[in-house]
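What follows is calculated from the coordinates using simple rules that are stated; it is not laboratory data. The shown structure was predicted, so the numbers you read here are calculated from the model rather than taken from an experiment. Neighbour counts run over all protein chains shown; Cβ positions are idealised from the backbone, glycine included.
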Amino acid sequence: MPSYSAPLRDMQFVYNELFDPADISALPGCEDATADLVEPILEEAARLAENELFPLNATGDNHGCQYEDGTVTTPPGFAKAYQEYAEGGWIGLPCDPKYGGQGMPGALNVLMEEMACSANVSFATYVGLTRGAYRAINTFASEELKERYLPKMVSGIWSGTMCLTEPQCGTDLGLIRTKAVPAEDGSHQLTGTKIFITAGEHDLTENIIHLVLARLPDAPPGIKGISLFLVPKFLPNKDGDIGERNGMRCARIENKMGIKASATCEMSLENATGWLIGEPHKGMRAMFTMMNDARLGVGIQGLGIGESAYQAAVQYAKDRQQGRSLSGTQYPDQPADPLLVHPDIRRMLLTMRAFTEGGRALSVWIGRNIDIRDRSNNPQARKEADDLVQLLTPLVKSYLSEAGHDAAQMAVQVYGGHGYIRDNGVEQYARDARIAMIYEGANGIQALDL
């Protein structure tokens with residue numbers, strides 16, 4: 001069976017040596033992000049990924065999520081691991097200290113996300129979407145909504161989703177039919193159906209905060225008529241605790257090819273209470289803040305799976321003895337040489353290694369530019385960093401997701417017939433990696449975006 005060991009030495013090299021960490025620690029709010037602090041953070045994240053998340057990866061794939069009468073139960077061990085993850089402050093690592101976050105650099109968060117995706121990509125989807133929802137709310141919502149929702153999202157007590165897709169529209173969001181009718185108290189009543197909603201219902205948090213695209217009664221046609229709404233699973237009381245159940249429920253979950261421990265839900269809204277985020281009819285702008293964050297996260301999913309697939313393939317190639325080297329016997333005291341000596345095996349392993357090391361550097365580079373965009377006091381530096389992030393986002397999403405899928409396929413090939421057998425573990429990487437080229441905008445759409 002595969003195992004996972006976080007590549008800490010390479011991560012530390014990329015963060016501290018390939019790039020100058022002083023560029024980041026000089027930014028406002030990042031003064032404490034020195035090597036003395038970054039190193040133990042990475043080490044603790046590695047411990048959590050290796051010891052808590054990775055052992056649940058195969059379990060989650062075997063059990064999947066269970067649906068019964070509108071509720072979803074995650075696989076055994078997930079709730080406990082999530083509690084440890086949240087209590088450790090990992091969800092709020094890059095978030096504003098004003099809302100309980102730690103304010104650490106995005107470049108550091110990229111490495112932590114990679115470890116989570118390598119260890120258990122299904123688990124990573126729950127926490128990744130919460131951070132994306134946090135960013136959209138923090139950027140566009142009213143101060144009242146920020147104060148009410150962000151502290152509990154940053155702490156992991158509440159989680160977040162984004163609800164875009166409907167039965168008749170996926171990529172073409174201009175076809176959205178979900179309606180939002182204004183109420184006298186300033187809220188809105190939403191009615192419609194959303195599908196393929198990752199983490200739309202689960203048992204990891206006491207409340208789920210959905211960001212939902214819908215149309216107001218006076219909305220113009222197409223994407224220019226879409227607004228964004230915050231719709232909680234439970235309506236908060238005045239004291240901030242959860243109150244009555246809202247009119248948004250899970251109708252079913254999908255039976256998927258991969259990431260089976262990640263609940264993919266059909267969500268039904270029947271006069272669900274929601275609050276407008278940003279301006280009317282300007283929902284796409286706010287939603288793309290979250291979606292672009294998610295697209296970068298999907299690229300890191302590919303990187304994470306690619307790293308795990310590479311580690312599994314290397315170990316198998318060292319252990320499995322088959323045939324003799326073309327250049328002459330390498331291990332004469334053994335009945336055969338290990339697979340590692342054969343040219344095609346070495347080609348695949350080196351390809352996988354080149355992808356993971358290069359992809360890691362690319363991910364940290366874009367993370368550094370996100371830090372400059374969000375924190376620098378220099379307007380020109382912020383603009384240049386934002387331009388680069390916008391340019392690189394479709395590249396990171398599409399290339400890293402495809403390279404991760406390719407690495408998983410190569411791992412199966414290195415294992416040979418044993419790679420095709422479920423009990424040996426690597427075929428899960430091949431199944432889990434496939435979705436990254438599809439969701440958050442199919443890779444062909446990323447080409448159009450670029």
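Between LEU448 and ALA79, with labels modelled 7 Å along Cα→Cβ, what's the label distance in nm to one decimal, could you check?
According to this spin-label approximation, the distance is 4.2 nm.
Among VAL414, LEU111, GLN446, which residue has its Cα furthest toward the positive end of the charge dipole of the chain, with +1 on Lys/Arg Cβ and -1 on Asp/Glu Cβ?
Ranked along the dipole, the leading option is GLN446.
Would you mind computing, in nm to one decimal, how far apart the modelled labels at SER5 and LEU175 are, each placed 7 Å from Cα along Cα→Cβ?
5.0 nm
At 222 nm, what value in deg cm²/dmol follows for the chain if DSSP H runs of at least 4 each add -39500 (n - 2.57) and the sum is divided by all its residues, to the nearest 500?
-16000 deg cm²/dmol
Treating only the Cβ of Lys, Arg, Asp and Glu as charged (+1, +1, -1, -1), what charge dipole size does the chain show about its Cα centre? Round to the nearest 20 debye.
1040 debye
What does the charge count around GLN380 come to, taking other residues whose C-beta lies under 13 Å from its C-beta (Lys +1, Arg +1, Asp -1, Glu -1)?
Residues near GLN380 contribute 0 overall.
What order do you get for SER25, SER363 when you list them from fewest to most C-beta neighbours inside 10 Å?
SER25, SER363
What length, rounded to one decimal in nm, is gained on full extension from TYR420 through to ALA381, with 0.36 nm per residue of separation minus their alpha-carbon distance?
Contour length minus Cα-Cα distance gives 9.1 nm.
Could you tell me the calculated FRET efficiency between ARG285 and ILE157, based on Cβ-Cβ distance and R0 = 35 angstrom, to the nearest 0.05?
FRET efficiency, ARG285 to ILE157: 0.80.
Comparing VAL314, VAL154, VAL121, which has the greatest mean-square fluctuation in the GNM of the chain with Cα pairs linked when under 10 Å apart?
Answer for the Gaussian network model of the chain: VAL314.
GLU244 to ASP319: extension gain in nm, 0.36 nm per residue of separation minus the Cα-Cα distance?
Between GLU244 and ASP319, full extension yields an extra 21.3 nm.
Work out, step by step, the length gained on full extension between ASP32 and PHE13: first 0.36 nm times the residue separation, then minus their alpha carbon distance; give nm to one decimal. Walk me through the numbers before you get to the answer.
Details: separation 19, 0.36 × 19 = 6.84 nm, distance 1.89 nm.
Full extension of this stretch gives 5.0 nm more.
Using 7 Å Cα-to-Cβ label points, what is the THR351/ALA251 separation (nm, one decimal)?
So the two model labels end up 4.2 nm from each other.
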